[in-house]
Amino acid sequence: MFGFVSAPMTLPDYEQWTLLMYVVAIPYFFAAMAIEGWAMRNKPQGFYAGYELKDSLCSIAMGALKLVTMGLSVFWAYPIMLWLFEYRVVSWDISTWWFVPLLLVADDFCYYWYHRVAHRCAAFWAEHSNHHTSERYNLSTALRQSVLGPFYTFIFWLPLPLLGMDPLVLTFAHTVNLLYQYWIHTETFEVHGWFEKVFQFIQEKSKLKRVMFA
């Protein structure tokens, strides 16, 4: 399982890392929400929108429902991706050090186009708009996900199996992407000094998220 950092990755390694991330995700989500709430407690009223119990419970419930539909959609989406993978035009050595960065960039590219279309096309806005229904912007809002989206939004990732990326490996990349997307849903992230100069893109992405939700 620790091949990701110490040895070439194999398909079983990708599978184990994906399962591990899902196991860790739930306590990670709740711990991060608790830390964010604690960080907001001494701010002047109105400085942050903060948390509201009913709003957060709604977001958490929608996130839980999405987990159910993600599990159900596997029976539909995964066979299609496997079929496309059989007709791939190129094969990759997944044990090379550069494959994981390439995989993450490819997944994020597909996510970018899904997200862009979701804000422009009614068929996809119908499922994505749920994510924007909260009047608050905090980490619980990141869990406010579409319930029906998993049944058809996977079409934006269909080119990747044709380009030789195994569906199981894609699941790993998509899980990493989702975990990253979680923590930028916050009003509290501010960086200064050398960190801001080196990692300015992180802060800017967080700010862009706030503007988009507004």
Query raised in the report: Does Ala64 satisfy being modelled with pLDDT under 95, aliphatic (A, V, I, L, M), within 27 Å of His131 (Cα to Cα) and assigned to a loop (DSSP other than H, G, I, E, B)?
Result: no
Query - Identity of the residue in the range 88-125, among the charged types (D, E, K, R) and more than 16 Å from Gly164 (Cα to Cα), that ends up surrounded by the most Cβ atoms within 10 Å (Cβ to Cβ) - result: Asp108
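From the list Thr96, Thr69, which residue is out of contact with any Gly (no Cβ under 9 Å at 6 or more places or on another chain), among the polar types (S, T, N, Q) and touching a residue at least 60 places away in the same chain (Cβ under 8 Å)?
Thr96
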Query raised in the report: modelled with pLDDT of 95 or more, in a helix (DSSP H, G or I), closer than 18 Å to Val176 by Cα and not polar (S, T, N, Q): does that describe Phe109?
Result: yes
Report task. Those residues that are surrounded by fewer than 18 Cβ atoms within 10 Å (Cβ to Cβ), outside any helix (DSSP H, G or I) and either touching a Pro at 6+ places or on another chain (Cβ under 7 Å) or touching a residue at least 40 places away in the same chain (Cβ under 8 Å) (or both), I need them from the range 148-176; list them, please. Result -> Leu148, Leu158, Leu163, Gly164
Query raised in the report: Just one of Ser134, Ser73 is more than 16 Å from the chain's Cα centre (by Cα), among the polar types (S, T, N, Q), surrounded by 14 or more Cβ atoms within 10 Å (Cβ to Cβ) and not in a loop (DSSP other than H, G, I, E, B); which is it?
Result: Ser73
Query raised in the report: Quick check, is Arg88 among the basic types (Lys, Arg), in contact with a Phe, Trp or Tyr (Cβ under 9 Å, 6 or more places away or on another chain) and not in a helix (DSSP H, G or I)?
Result: no
Query raised in the report: Quick one: is Glu86 at pLDDT below 95, of a type in the set (Asp, Glu) and out of contact with any strand residue (DSSP E or B) (no Cβ under 9 Å at 6 or more places or on another chain)?
Result: no
Query raised in the report: Restricting the first residue to the range 29-47 and requiring it to be surrounded by fewer than 12 Cβ atoms within 10 Å (Cβ to Cβ), which pairs with a second residue that is assigned to a loop (DSSP other than H, G, I, E, B) and modelled with pLDDT of 70 or more meet a Cβ separation below 9 Å and a spacing of at least six or different chains?
Result: Arg41/Gly50; Phe47/Glu187
Query raised in the report: Do you know which residues across the range 46-75 are aromatic (Phe, Trp, Tyr) and within 28 Å of His185 (Cβ to Cβ)?
Result: Phe47, Tyr48, Tyr51
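The values are calculated or read from the model by the stated rules, or taken from the named source; none is laboratory data. All figures in this text were calculated on a predicted structure; none of them were measured in a lab. Counting neighbours? That spans all protein chains shown, and the Cβs are built from the backbone with ideal geometry, glycine included.
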